[in-house]
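Peer 1: Encoded as structure tokens, here's the structure I'll be asking about.
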Amino acid sequence: MPTERSYPRVTKNWRNAPVDSPDGEWVSQPEAAKLLGVSTGRVVWRLMSENLVPAHDNKGRAGVTRESIERDLEWLAHASLRAKAWRCLKGLVRWL
């Protein structure tokens, strides 16, 4: 099992900076990937695109807020194909 790390210090200055989260509201990135049915890389992409909220647990480990996962699942369940394509395009443009 890979060791869990915290987010780099540089992320504290990001618009989507990691928040402190109680353990019950925090989910590790690999677990978030399972809940969302995607790879861990896609979870990282959604974090970078500000679709998920990065969070630290009480031990300082990097993860995602449970609320943002639930919000993302809800959006994915109801979004049209056009909305999903637009979201993907916005994410690509953000990082080019």
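Laboratory data are not the source of any read-out in this text; all were calculated from the coordinates shown. For clarity, every value in this text was computed on a predicted model and none was experimentally measured.
Peer 1: Quick one: which residues, 5+ away or cross-chain, put their amide H under 5 Å from the amide H of residue 19? H built at 1.01 Å from N.
Peer 2: When sequence neighbours closer than 5 places are left aside, the close amide H contacts are 55, 56.
Peer 1: Identify all lysines with a Cα-Cα distance to residue 12 below 23 Å; exclude those on the same chain that are fewer than 8 residues away in sequence.
Peer 2: Partners found: 59, 90.
Peer 1: Also, quick follow-up: If you take the Cα atoms of the chain, find Rg, then find the Kirkwood Rh from the mean of 1/r over all pairs, what is Rg/Rh?
Peer 2: On the way: Rg = 13.3 Å, Rh = 13.8 Å.
Ratio of gyration radius to Kirkwood radius for the chain: 0.97.
Peer 1: Same structure again: Where does helix 81-94 land angle-wise versus the long Cα axis of the chain, in degrees 0 to 90, nearest 10?
Peer 2: 60
Peer 1: Quick query: amide H of residue 26 versus all other amide H atoms, modeled in the peptide plane; which residues come in under 5 Å with a sequence gap of 5 or more or a different chain?
Peer 2: For residue 26, the qualifying residues are 66.
Peer 1: Counting only C-alpha contacts under 8 Å and six or more residues apart, can you give the relative contact order of the chain as a whole percent? Write out the running numbers ahead of the final one.
Peer 2: Numbers: 109 pairs, mean separation 28.2, N = 96.
Computed over the chain, the figure is 29 percent.
Peer 1: With θ set to phi - 60° and the Karplus curve 6.51 cos²θ - 1.76 cosθ + 1.60, what are the ³J(HN,Hα) couplings of the range 66-80 in order, to the nearest whole Hz, using x for Gly and Pro?
Peer 2: Listing the rounded values in order: 4, 4, 5, 5, 4, 5, 5, 4, 5, 4, 4, 5, 10, 6, 6 Hz.
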